[in-house]
Amino acid sequence: QERMPQTPPFAAMFDSSGYSRNLYQSKEDNCGGLYYHDNNLLSGSLEALIQHLVPNIDYYPDRTYIFTFLLSSRLFMHPYELMAKVCHLCIEQQRLSEPGLDKNRIRKIAPKILQLLTEWTETFPYDFRDERMMRNLKELAQRIASGDEMYRKNVQQLLQNLIRKLATVSQYEEVLAKINATSTDRLTVLKTKPQSIQRDIITVCNDPYALAQQLTHIELERLNYIGPEEFVQAFVQKDPLDNDKSCYGDRKKTRNLEAYVEWFNRLSYLVATEICMPVKKKHRARVIEYFIDVARECFNIGNFNSLMAIISGMNMSAVSRLKKTWAKVKTAKFDILEHQMDPSSNFYNYRTALRGATQRSLTAHSNREKIVIPFFSLLIKDIYFLNEGCANRLPNGHVNFEKFWELAKQVSEFMMWKQVECPFERDRKILQYLLTVPVFSDDALYLASYESESPENHIEKDRWKTLRFVSEV
């Protein structure tokens, strides 16, 4: 039995010196619409790049190329259009549609086509939520499977894995919708209940380390559901060479990425709510110190996203204006954390810490040391600027592949981080609280803040009057 071509794990894909852009091109490639410099593929016509993706008896594309092209091609065409072309090329070139199929020929090419389909379904499963994709996948898979019993099993396995993955995503989305519904329902209850009945975070979990662990659970689970293509689809615009039709006009496909950004905002508002809610100054100061400890534990774990959400919750003006409360807080530890996440010099300190955590994860022996959860909005911003800073196409109409190597390198690092299994035990009670406890809106935060420490100037006094009037209506 011939083995499948093997592909390296994500960590090895883009090596430290850059990425393996040397795509073992043969002489024909150079004149087939692909442009190389020093063995690096820099650009090519869309047709030539698609052709370069399709394996034949003597050739299988390099894995970095497969990932990079599948990631970036959606800026130029729908995945289902690409899949249709790939299927067509496979069938044509390998004469798979001919009645008297040569079994030997099938044995040589089938493992390669199957491997390509496996890479696609495993790395970009969400593409296959589209019926048209599924149809094409099944059609090509059937043609391969008809040649040999062994391939029939492989094809079944591939389809089962994909269907299982898509079912898990649908379940996750249903759970998210439920969680969001619960927390909105409970927000109305909060307005009508007196404060004394409310539980607070410290009574639910008085150990900052335990809370940081549960936050890490939520972060890793949500990271895990973000498809790499969502980073690119967030920026899809019209392709000038594509008759003015936008590739993703039909449906937004960034819902898991958006859910993750919403989680960051929720955590920031949860922190601010917990600080502004207590009536006593001493209690408020204790909550601030508790969150400083949680943030420090997040930093030690490598959970930079929760760390940044906590800091931004503490820096909301409804919280930072509580001067008398802050006077009771030992802020030395908070200053260190703020220094780590200081935005100056393009977040230089954070990027240094992130590099350290990434190095640690590469040599780690345990999942505990592998955790790297990046400050997510900054990751999106970096990818956005990379996308904005370079054209997708060169003046000659070629696809600017050099740009997409860079994009794929950033996204592949994220792919490595999202595959880490959370090593901490789940605590349902704490998770439930973090995900569903109601949080204050901006207005409710200011109202609570002014009631804790009265307004200091005319602007604050006027705002307080307005808020009180609105809340009583």
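The values are calculated or read from the model by the stated rules, or taken from the named source; none is laboratory data. Keep in mind it's a predicted model, so treat the numbers as computed, not measured. Neighbour counts are summed over all protein chains in view; Cβ atoms, including those assigned to glycine, are modelled from backbone coordinates with ideal geometry. Calculation scope for accessible area: heavy atoms of the full protein, side chains included, ligands and nucleic acids excluded. Shrake-Rupley method; radii C 1.70, N 1.55, O 1.52, S 1.80 Å.
Return one whole number: the accessible area per residue of the stretch 253-391 in Å², for a 1.4 Å probe.
44 Å²
Set the Förster radius R0 to 35 Å, insert the Cβ-Cβ distance between LYS323 and GLU262 as r into 1/(1 + (r/R0)^6), and round the FRET efficiency to 0.05.
On the way: r = 31 Å, r/R0 = 0.89.
The pair LYS323/GLU262 has a calculated efficiency of 0.65.
To the nearest 10 square angstrom, how much accessible area does GLU119 have with a 1.4 angstrom probe?
10 Å²
How long are the semi-axes of the equivalent ellipsoid of the stretch 383-433, defined as square roots of 5 times the Cα gyration tensor eigenvalues? Whole Å, largest first. Intermediate values should be presented prior to the final figure.
Working: eigenvalues 316, 29, 9 Å².
Square roots of five times the eigenvalues give 40, 12, 7 Å.
How large is ³J(HN,Hα), in whole Hz, for each residue of the stretch 266-275 in order, when computed from phi with the Karplus curve 6.51 cos²θ - 1.76 cosθ + 1.60 and θ = phi - 60°, using x for Gly and Pro?
4, 4, 4, 6, 5, 4, 4, 5, 4, 6
With a 1.4 Å probe and all protein chains kept in place, how much accessible area does LYS280 have, in Å² rounded to the nearest 10?
Rounded to the nearest 10, that gives 140 Å².
Let me cross-check GLU451: its accessible surface, 1.4 Å probe, with only protein heavy atoms counted, in Å² to the nearest 10?
It works out to around 120 Å².
So with the 1.4 Å probe, I'd like the accessible area per residue for the stretch 418-471, rounded to whole Å². Can you show the working numbers first?
Numbers: 3350 Å² over 54 residues.
Per-residue accessible area for the stretch 418-471 comes out at 62 Å².
In terms of solvent-accessible area of protein heavy atoms at a 1.4 angstrom probe, what is the ranking of THR118, THR436, highest value first? The partial results should precede the final answer.
Details: THR118 35, THR436 5 Å².
The ranking, largest first, comes out as THR118, THR436.
Among LYS165/LYS429; LYS333/LYS381; LYS108/LYS370; LYS85/LYS253; LYS281/LYS418; LYS281/LYS370, which pairs are too far apart, with a Cα-Cα distance over 30 Å? All intermediate terms of the calculation are to be shown ahead of the outcome.
On the way: LYS165/LYS429 27 Å; LYS333/LYS381 28 Å; LYS108/LYS370 39 Å; LYS85/LYS253 22 Å; LYS281/LYS418 40 Å; LYS281/LYS370 39 Å.
Flagged as over cut-off: LYS108/LYS370; LYS281/LYS418; LYS281/LYS370.
Rounded, prolate or oblate for the stretch 274-366? Axes are the square roots of the Cα gyration tensor eigenvalues, ordered a ≥ b ≥ c, and the cut-off for rounded is a/c under 1.5.
Working: a/c = 2.94, a/b = 2.00, b/c = 1.46.
Note, shape of the stretch 274-366 comes out prolate.
Rounded if a/c is under 1.5, else prolate if a/b beats b/c, else oblate: with a ≥ b ≥ c from the C-alpha gyration tensor eigenvalues square-rooted, which is the stretch 266-421? The partial results should precede the final answer.
Working: a/c = 3.00, a/b = 1.92, b/c = 1.57.
The shape class here is prolate.
What number, in percent, do you get for the relative contact order of the stretch 309-406 if the mean sequence gap of Cα pairs under 8 Å and at least 6 apart is divided by its residue count?
11 percent.
State in Å² the accessible area per residue of the stretch 120-180; use a 1.4 Å probe, count heavy atoms of protein chains only, and round to the nearest integer.
Heavy-atom SASA per residue in the stretch 120-180 reads 53 Å².
What order do CYS205, CYS422 take when sorted by accessible area (1.4 Å probe), most exposed first? Display every interim value, and only then the final one.
On the way: CYS205 10, CYS422 35 Å².
Solvent-accessible surface, decreasing: CYS422, CYS205.
Heavy atoms only, probe 1.4 Å: what % of the accessible area of the stretch 257-344 goes to carbon and sulfur, would you let me know?
With neighbouring chains kept in place, the figure for the stretch 257-344 is 57 percent.
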